[in-house]
Amino acid sequence: MLLQDKIALVTGAASARGIGRATAQAFAAQGARVIILDLDASAARDAAASLGEGHLGLAANVADEAQVRAAVDQALAQYGRLDVLVNNAGITQPVKTLEIGRADYDRILDVNLRGTLLMSQAVIPAMREQGGGSIVCLSSVSAQRGGGIFGGPHYSAAKAGVLGLTRAMAREFGPDGIRVNALTPGLIQTDITGGLMHDERRQSIIDGIPLGRLGEPKDVANAALFLASDLSGYLTGVTLDVNGGMLIH
């Protein structure tokens with residue numbers, strides 16, 4: 001068991017076909033007790049219950065500092081420690097540069113980038129006190145290639161910010177035994193992307209992927225499991241691509 005008796009918090013993990021839920025399932029299967037954090041309290045509780053006994057579902061908006069602190073305090077009160085944080089919660093918007101309004105920009109940056117910072121700030125003191133931990137931040141191939149397939153430039157900017165934040169935190173907290181790494185998924189088949197592709201566009205995207213298929217949530221979940229576990233004990237500040245070869249540097 002790669003995460004036996006570890007306590008892991010995964011944000012944005014209530015959606016049945018999302019990366020967060022697949023990550024929570026992979027962690028639970030490897031012995032972790034999982035806290036699922038999502039906007040919808042009922043959905044978070046149901047998702048946690050689906051993992052079996054000993055897991056917890058909590059509600060919080062990751063862009064709201066007070067809600068984040070309250071949720072992390074509740075998790076610590078129940079389990080006494082936090083070994084893993086997966087900053088998965090995110091939103092996107094398919095618009096062009098000149099169409100981005102102030103409210104759109106703030107909303108995308110708040111959830112994707114500010115949320116990553118606030119969640120990390122909330123858990124790092126506990127990780128530091130217990131002598132270590134692992135933080136996995138979800139960025140995107142769109143941060144690397146300069147634009148996504150479904151996300152606008154503000155989404156690419158937010159996800160690029162996640163990469164910079166990940167590296168800076170890795171450098172700052174490495175001496176405390178806290179590893180901070182990033183995943184950059186390519187096009188993954190989730191509830192969000194599933195309704196945005198017609199067959200012709202889907203095939204054209206697949207034609208540009210060397211492995212010849214779109215990604216599944218479990219592909220990203222397994223990479224998160226690697227970064228969360230001691231298998232990656234000498235890795236911090238890395239960006240791990242999970243894109244089937246869509247972007248080869």
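The table for this structure:
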{"item": "Of the DSSP H helices in the chain, those whose Cα atoms cover at least 18 Å axially and whose Kyte score averages -0.5 or more", "result": "65-79, 115-130, 153-173"}
{"item": "Qualifying trypsin sites (Lys or Arg not before Pro) for segment 147-249 [loop in DSSP, other Cβ within 10 Å: at most 14]", "result": "Arg213"}
{"item": "5 angstrom amide H check on Leu85, placed H, neighbours 5+ away", "result": "Leu9, Ser134, Ile135, Val136"}
{"item": "Charge-dipole axis of segment 7-241 as Lys and Arg at +1 and Asp and Glu at -1 on Cβ define it, positive-most pick from Ala60, Ala223, Ala14", "result": "Ala223"}
{"item": "Phe226, Phe150, Phe27, Phe173 arranged by Cβ crowding within 10 Å, fewest neighbours leading", "result": "Phe150, Phe226, Phe173, Phe27"}
{"item": "Overall form of segment 1-124 per C-alpha gyration tensor (a/c, 1.5; a/b vs b/c)", "result": "prolate"}
{"item": "Relative contact order, percent, segment 7-241 [alpha-carbon distance under 8 Å, six or more residues apart]", "result": "20 percent"}
{"item": "Other-chain or far-sequence residues with amide H under 5 Å of Val95's (modelled H)", "result": "Gly152"}
{"item": "DSSP-loop trypsin sites (Lys or Arg not before Pro) across segment 49-112, with at most 12 other Cβ within 10 angstrom", "result": "Lys96"}
{"item": "Given charges at beta-carbon only (K, R positive; D, E negative), |dipole| of segment 7-241 in Debye", "result": "300 debye"}
{"item": "Sum of side-chain charges, Ala63 neighbourhood, beta-carbon under 12 Å (Lys, Arg +1; Asp, Glu -1)", "result": "-2"}
{"item": "Charge dipole of the chain about the Cα centre (unit charges at C-beta), most positive-ward option of Ala32, Leu138, Met127", "result": "Leu138"}
{"item": "Dipole of segment 1-158 [Lys/Arg +1, Asp/Glu -1 at C-beta], most positive-end residue of Gly90, Gly152, Gln74", "result": "Gly152"}
{"item": "Label of the coordinate-derived value, percent of Cα pairs over 26 Å apart, listed as (1) 53; (2) 34; (3) 41", "result": "(2)"}
{"item": "Cα gyration tensor shape for segment 118-183, rounded if a/c is under 1.5, else prolate or oblate", "result": "prolate"}
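Just so you know, all these numbers are worked out from the coordinates, no wet-lab data involved. Note that this is a predicted model, so its numbers are computed, not measured. Note: ideal-geometry Cβ built from the backbone for every residue, glycine included; neighbour counts use all protein chains shown.
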